[in-house]
Each structure stands twice: as structure tokens, then as C-alpha cells.
Amino acid sequence: MERVAIFGGTFSPVHKEHIAVAKQAVKELNLDRLIVMPTFLPPHKSAPTESGQDRINMLKLAFLGEDKIEVSDFELQKKGTSYTYQTVEHFSNLIDGKLYFIVGGDMLENFKHWKNPERILSACTLACFDREYSDVDFEKEREYFVKTWQKDFVKLSYVGKNMSSTKIRVYNRFGLDITDMTDQKVCEYIKANNLYQGDEYSEFVKKSLTIKRLIHTAEVVLCALKKVKELGLDEQKVVTAATLHDCAKYIDYKTVDGFIKDDDLPEPVIHAFLGAFIAQNILKIKDQDIINAIRYHTSGRVGMSVLEKLIFVADMLEDGRTYEGVDTLRQFYQGDLDVCFRECLKEEMIHLINKKQYIYRLTLDAFDYYVTKGEK
């Protein structure tokens, strides 16, 4: 009786936590084989930017020397949307023994929305691992599984660290170090094959920002991307606005021809207005929403668009921020953006008052409009 598990995902690219989960599952489930399965087209995510063959190649490098772990191109060859029920039914018919399907614990909460969940559970047993900072109630989910499908799942002891393929792609686009996120051979493959390259905007900020500010910029991109699907925003617009929000941080406005600074513009806000000027006049961005998101990401204003609010909030809440109260604001970010935006405006006003700093008129107007009057 063979014991086999399938570990599916986009793996775009594979990262260290994927590798750790896979190795732990082999030990904990006493597997004869673990099949790592890159999807062709995931049902709930954007299509990977690199080829299926690149993802296969990187997975093979990551698991080189792991005799019980193999990489399958079944879903890539099958093409179309990669539905789990089809994959597990296919492999269930091929093996004589026990089949598991490995998922993160956060997926349990949405499992009922997967296509044909009952067929998945008829063909295999879910093996779940938890993640850092997760609030999944595994006992509650177990009760729901038993009540709804008369099936249980296996809870692995492994707790995954905070890591994502998106972070690798974003960091690489800014030329930042990714060696602590994935296998060294995978890093070399990414570099050799020019994967996850940036564009003219990331190239601009790579030349104009310090490493510390580049990391901040990358984290703002990552923070903003968490809300893209929920808000129905264009991903490329969000990435561009977040990439350029601090593009003028270290540029002296006096050296930029054509830029005129208003007399009442406070020092901490100049870079935002200068950045918008550079985006429009030097980088030739025509989308006014992107330009406004750059211009008002520090001051705010009355009548902000969804994109403007998102960049304003992401700039305050990215993972590198450590000020008192940021964790509470991040809890708001998991809910409604407008609520979180108002709380961030409150925090900014408190900060400026405590520091006895000049408060720009646009910020005062925004606070009165969104916080005092409760407008959206």
C-alpha cells in the first residue's frame, strides 16, 4: 500500500517554505512519494508570468537529491484551469494506497468554495499546515468538515513562516537580494534566465533611491497588491503607482526644470508632488489616477480615488513600519479600505500634532472630510 501526497501550487517561483513544507510532509506522513504539481492556470490567482517549463526547471533544482520528491507536469500538459478534483481523481486511479493533498490551513476556510469539494475528499485526504500569524481555528474547521462531508483532515505539525513567491518577484524587480527566500540554485536560474525583470519605472527608482528606500518601495508594492483583487483595481496601475510613490525622495526639486513648489508646501510633502511631476513629465505617464496617487500619498486630500487611498495606506502599513499602533492599523487593513484609510489619517494627524510639525492644508481638509464628517 503506497502512501503518496500531492503538493500543488503556482510555484512562481518555488520558495524556501514550499521546500520546507514538502520535506516535512514526507517525514510526517511517512510518504513513499510526494508529487509537486505546478498549476497551468490557477482558479483563484493570476496566471504566472514565466513559462511552465521555467517553473518545472526551478522545482527540479529546488528538490535535487530528494529521492522521495518528484515534480510532475500533469496539470501543465493538461492545460486549461487546474481544478484539484480532476488532479486528485486522476492520481487516485493510478496508485494503490493512500493519497493526500497538501494545503495551507487558511485554505480550509475557503474549501467549500472549491470546485467539487466532495469529489476531492472522496479521492484523497487533505493534509494541512499552519502559517505564522494565522488565526485559523482548526477544530472549528474539523467540525465543519465532518458535519458537511463526513470527512476529516490531517493537521501537520509544521508552521510555515511568512514567505511568498510574490515577494521574490517584487524584490527581484527592484534588484534586491532574494537569496534568503529561495534555494541558491533557483536564484541562479532566475538571474541566468532574466526572470521577474522590472520595467522603466523600477529601473528609474533603482537609480534614484537608496537600498533601504528600495526595500520600503518593494514592501509598499507588496502591501498594495494584497488588496488589488478585492478592490477590483488594475494590478499594473497599482504596481506603477507604488513603484513611483517615493521616486523623488532624494531629488532636489531645485534641479528639476519646470517644477514649481507652492510656498506653503511642507518639506516632508515636497517629494510626493515632485514625484508626480517627474512621473508625468519625465516618465510620460498619462494616467491621472496614478499621478494623483503619487502626488497625494503623503498629504492626502478631499476626493481621493480608491487607488490614491490604497497607496496612502500601503505607504503607512508596509511590513517595514514599526511605529506604535501599526499592528492595529494592519488589522483594519484586513477589512474595509475606507475604514482603514480613516484610521490612518487619524494616526498621521496624531503624529504631526505630537511632533509639533506644520500640518498641510490638504491634510487638514482631508481629516475634516473623511474623519470629522465621515465622508467616503
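Values quoted throughout were computed directly from the atomic coordinates according to the rules given, and no laboratory measurement underlies them. Owing to the predicted nature of the structure, the values given are computational and were not obtained by experimental measurement. Cβ sites come from the backbone with ideal geometry, for glycine too, and all protein chains shown count toward neighbours.
Pairs spanning more than 19 Å between alpha-carbon atoms, out of Lys309/Lys346; Lys212/Lys237; Lys27/Lys167; Lys16/Lys206; Lys45/Lys79: Lys212/Lys237; Lys27/Lys167; Lys16/Lys206. Dipole check for region 6-113: with +1 at the C-beta of Lys and Arg, -1 at the C-beta of Asp and Glu, and the Cα centre as origin, the magnitude is about 80 Debye. Computed about its Cα centre, the charge dipole of the chain is approximately 340 debye, with only Lys, Arg, Asp and Glu carrying charge at their Cβ. Springs join every pair of Cα atoms under 10 Å in this Gaussian network model of the chain, and among Pro42, Pro268, Pro13 the largest mean-square fluctuation is at Pro268. Approximating the spin labels as points 7 Å out from Cα along Cα→Cβ, the His113-to-Glu188 distance works out to 4.2 nm. Please check: in the Gaussian network model of the chain (C-alpha springs, under 10 Å), which one of Thr322, Thr182, Thr217 has the largest mean-square fluctuation. It is Thr322.
Any idea what diffusion coefficient region 133-200 gets from Stokes-Einstein, in µm²/s, Kirkwood Rh on alpha carbon pairs, 25 °C, 0.890 mPa s? Diffusion coefficient, whole number: 161 µm²/s.
Among the trypsin sites (Lys or Arg not before Pro) within region 107-143, those in coil by DSSP and having at most 13 neighbouring Cβ atoms inside 10 Å are Lys115. Amide H to amide H, with H built 1.01 Å from N, Val36 comes under 5 Å of Phe7, Glu70, Val71, Ser72, counting only residues 5 or more places away or on other chains.
Stretching Tyr133 away from Lys355 to a fully extended chain increases their span by 76.7 nm, per 0.36 nm per residue minus the current alpha-carbon distance.
Which value in Å does the Kirkwood hydrodynamic radius of region 199-372 take, with 1/r averaged over all unlike C-alpha pairs and then inverted? Write down the numbers at each step before the final one.
Numbers: mean 1/r = 0.0617 Å⁻¹.
One over the average 1/r among Cα pairs gives 16.2 Å for region 199-372.
Size descriptors for region 2-162, from the alpha-carbon set: Rg then Dmax equal 14.9, 42 Å.
Taking the Cα centre of region 199-372 as reference, the dipole from Cβ charges on Lys and Arg (+1) and Asp and Glu (-1) amounts to some 260 debye. Where is the GNM fluctuation largest for the chain (alpha-carbon springs, 10 angstrom cutoff): Tyr133, Tyr253, Tyr171? In this elastic network of the chain, the residue with the biggest mean-square fluctuation among Tyr133, Tyr253, Tyr171 is Tyr133. Centre-to-centre, using Cα atoms only, region 1-72 and region 98-133 are separated by 16 Å. For Cα Rg over 2.2 N^0.38 Å, the value computed from the atomic coordinates appears in the list [x] 1.13; [y] 1.32; [z] 1.05 under label [x].
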